[in-house]
Structures are given as C-alpha cells and as structure tokens.
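The structure appears below as structure tokens.
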Amino acid sequence: MFITFEGGEGAGKSTQIRRLAAALEALGHTVIVTREPGGTPLAEAIRALILGPGASGDAMTQALLFAAARREHVRALIEPALAAGTIVLCDRFADSTRAYQGGRLPPSALDATISLATGDLVPDVTLLLDLLPEVGLARARARGRGGDADTFERADLAFHAEVRARFLALAKDEPGRIAVIDAGKGETDVAEAIRCVVDARLASKGT
C-alpha cells in the first residue's frame, strides 16, 4: 500500500508519519518511510538544489527538478518496495507539485511533468493535514530554522493561502483518495483520525 502525507508548512506531517509507521509495524506490517523530494542519494541531491539556502528558479524549473527527483524515487525505491508487499509512507508526492507550482504553470505542462515522473503510480490513500497557513508558518518558525528556512517556508502568507486552497480543491475533486485531516487538533487526536482512515483502507484491501 502506498500512503502519502500532504499539507502546508508546519502541519505536522513528519510527526504523524512516525506515529503511523510505529503503529503499523506493531501490527506486523513492513513499513518504509520516505520523503519528497528525496528518498535516494540522487533525489536527496536534487532536494538540496530545490530547497537549500540560496535556491532559486521559477515554477517550471522547480517542477522539472521535482519531476527528476520523483522519477528516481519511484524507480529506485517506491515501486520495488510496493512490489515486495511493503507499506510505503511518503512525506509529500505529486499533490504537492500540483499545490505549490499549480498556480504558476499551465495545467497541461504540470500534468505532463507529473506523468513522466510517476507513470501510472497513484497513492492508495492520501492524508491531507489541513491547517491555517498562519498557524503552520508559526509552527515552522518555532522549530528554530531561522536562516535555514527552505525555499517555500520563506514565501509569504498569501502564497501559502493559495497552496492550501489548491490542496483543498484536490481533495474535493478526489474524495475517494484524499482524506482531509484537521491538523489544528492535538497530536494524539490527529493520529487517531489518521488511523481510522488507514485502518478502513487496510480492511478494504484485506490486509
């Protein structure tokens, strides 16, 4: 099963991925936790180009770099793990490209880059951790990254409000795949909401 986590900055994806991985492993499942961009040495190197200090480039440059990293990630890690029966938990996937670059590129160009990178691979379930952008950015800044904030954490509030709106529009378009989770609740409450969604999907697959 391929499970992706999406959401804006500071939504708590990393924390909730760790919690879900531990819960699934306790049930006897084999789990891999990975992230985008990243997951392999080459993809991690591309991540540094996109998100590192001083990173620049327009939306198309970003989308192409994300596509290159995603293609390597899918080919070298995700597809082999799924073929082996492993549950893959991924921090961001193609929906992030749609949300973050979607307002600045023609849909046809964006869809083409995503299709080239992913082929026919679509997550079985996507958990969208939804949070007001001002709250998420405050959380991100509280992590103390300061000058090390990445390319998107440095963007203004209006940009992040647009990203949230695009995420919610994706969820409205694909309610069978994307589950919206209120990330403004406490960590345990969020984890329980995620478990309900995942448990139901596992049961439907007889896993």
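The values are calculated or read from the model by the stated rules, or taken from the named source; none is laboratory data. Source: prediction; values computed, not measured. When we count neighbours, we look across all protein chains shown, and the Cβ atoms used for this are built from the backbone with ideal geometry, even at glycine.
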Completion exercise
Per the list (1) farther than 16 Å from residue 174 by Cβ; (2) of a type outside the set (Asp, Glu); (3) more than 17 Å from the chain's Cα centre (by Cα), residue check on residue 87 breaks on (3)
Practice task
Would you check if there is a residue in region 28-40 being of a type outside the set (Asp, Glu) and free of Cβ contacts under 8 Å to residues at least 12 places away in the same chain?
Solution key: yes
Problem - Matching entry among 112, 158, 193 (being surrounded by fewer than 13 Cβ atoms within 10 Å (Cβ to Cβ), without any contact (Cβ under 8 Å) to a residue 40 or more places away in the chain and part of a helix (DSSP H, G or I)) - result: 158
Exercise for the section: Take region 16-32 and flag every residue that is in a strand (DSSP E or B) and surrounded by fewer than 19 Cβ atoms within 10 Å (Cβ to Cβ). Expected result: 32
Problem - Set 166, 195, 139, 145: member being modelled with pLDDT of 95 or more and over 20 Å from residue 29 (Cβ atoms) - result: 166
Handout entry: Set 70, 139, 92, 164: member being surrounded by 14 or more Cβ atoms within 10 Å (Cβ to Cβ) and more than 22 Å from residue 21 (Cβ to Cβ)
Key = 164
Practice task
Might you check whether a residue that is β-branched (Val, Ile, Thr), over 16 Å from residue 126 (Cβ atoms) and out of contact with any Phe, Trp or Tyr (no Cβ under 6 Å at 6 or more places or on another chain) occurs anywhere in region 85-96?
Solution key: yes
Practice task
Consider only pairs whose beta carbons are under 6 Å apart and that are at least six residues apart or on different chains; among these, list those whose first residue lies in region 171-186 and is within 14 Å of residue 136 (Cα to Cα) and whose second residue is of a type outside the set (A, V, I, L, M) and outside any loop (DSSP other than H, G, I, E, B).
Solution key: 183/130
Handout entry: Verdict on residue 42 being surrounded by fewer than 19 Cβ atoms within 10 Å (Cβ to Cβ), hydrophobic (A, V, I, L, M, F, W, C) and in contact with an Asp or Glu (Cβ under 7 Å, 6 or more places away or on another chain)
Key = yes
Completion exercise
When every residue in region 1-15 that is touching a Ser or Thr at 6+ places or on another chain (Cβ under 7 Å) and buried (at least 23 other Cβ atoms within 10 Å of the Cβ) is compared, the one nearest to residue 39 (Cα to Cα) is 4
Handout entry: residue 92 vs. criteria over 14 Å from the mean Cα position of the chain (by Cα) and closer than 29 Å to residue 195 by Cα
Key = no
Handout entry: Unmet requirement for residue 39, which otherwise passes all of (1) under 20 Å from residue 137 (Cβ atoms); (2) under 15 Å from the mean Cα position of the chain (by Cα)
Key = (1)
Fill in the blank from the handout: Screening 82, 64, 49 for residues that are free of Cβ contacts under 8 Å to residues at least 40 places away in the same chain and either part of a helix (DSSP H, G or I) or under 22 Å from residue 152 (Cα atoms) (or both) leaves only 49
